[in-house]
Amino acid sequence: MEERFPMEGGGTLTLRQEGPRVHMEAERPPDGRGLYKVWLHGDQGGKLLLGTLVPENGALRLRRTLSVGALERAGCWPRFRAEAPLAFSFAARSGGTWYCEQHPERMVADPVLKAQMSGAMLCRKEGDGGFSLSAPFDAGRPVRLPSLFCLAGVERREGRLHMVWHFNGEGEPELPHKKEDSGQTNCQ
């Protein structure tokens with residue numbers, strides 16, 4: 001039997017249980033605003049990230065199959081609600097537009113930094129010829145660029161903290177600027 005649930009933030013989550021397995025498909029219309037994540041929130045306080053919606057045949061979709069036991073352990077079975085919040089906005093806060101740079105190591109000059117940049121990072125080109133790199137910050141996980149930890153600014157996007165590093169046009173790290181409007185400074 002298949003059940004459909006509306007997701008907070010837009011779209012629907014379809015469930016089909018086959019014995020001990022639950023097949024889930026989340027779908028929402030694309031709006032060009034950014035990346036959306038799908039979360040389950042159990043009635044008893046559990047929370048489970050299903051993943052990121054990806055473009056497929058004119059919609060944003062995510063398919064997952066989990067065991068009933070895994071959903072129970074996460075506190076998201078049998079009763080839960082689904083949400084699809086905007087996890088990363090494509091809209092620029094300042095400077096250019098953020099995009100996914102597949103090879104950020106090609107942009108920096110220092111060999112130590114090149115070695116720490118395995119995998120894609122968010123990038124924004126700046127008007128002065130420089131650029132910024134960004135990665136989500138989670139206190140429970142290693143920092144993406146540990147050698148530049150003290151040079152990182154912190155920005156909140158859609159409720160999530162991101163570390164942001166600024167580089168000049170030669171790919172060299174720059175000191176963070178004072179945030180005059182908020183009264184915050186970073187590592188100065």
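The values are calculated or read from the model by the stated rules, or taken from the named source; none is laboratory data. Since the model is a prediction, treat every value here as computed from it, not as a measurement. Note: ideal-geometry Cβ built from the backbone for every residue, glycine included; neighbour counts use all protein chains shown.
Annotations for the structure displayed:
- Answer from L113, L48 - the residue that is part of a strand (DSSP E or B) and within 30 Å of P146 (Cβ to Cβ): L48
- Qualifying residue in the stretch 28-41 (condition: in the same structural domain as E155 (by TED's automatic domain parsing), among the aliphatic types (A, V, I, L, M) and under 28 Å from F149 (Cβ atoms)): no
- Candidate set: the stretch 146-155, residues that are part of a helix (DSSP H, G or I) and in contact with a Leu (Cβ under 8 Å, 6 or more places away or on another chain); chosen: the one surrounded by the fewest Cβ atoms within 10 Å (Cβ to Cβ): S147
- Selection of the stretch 116-145 for residues being farther than 14 Å from E101 by Cα and either assigned to a strand (DSSP E or B) or in contact (Cβ under 8 Å) with a residue 40 or more places away in the chain (or both) yields E126, D128, G129, G130, P136.
- The one condition in (1) in the same structural domain as A115 (by TED's automatic domain parsing); (2) modelled with pLDDT under 90 that P104 fails to fulfil: (2)
- Considering the stretch 51-65, and only residues there that are of a type in the set (A, V, I, L, M, F, W, C) and over 13 Å from the mean Cα position of the chain (by Cα), the residue that is surrounded by the fewest Cβ atoms within 10 Å (Cβ to Cβ) turns out to be A59.
- Residue within the stretch 59-74 that is in contact (Cβ under 8 Å) with a residue 12 or more places away in the chain and either outside the structural domain of Q44 (by TED's automatic domain parsing) or of a type in the set (V, I, T) (or both) present: yes
- Within the stretch 1-41, being in a loop (DSSP other than H, G, I, E, B), over 23 Å from the mean Cα position of the chain (by Cα) and touching a residue at least 12 places away in the same chain (Cβ under 8 Å) holds for M1, P20.
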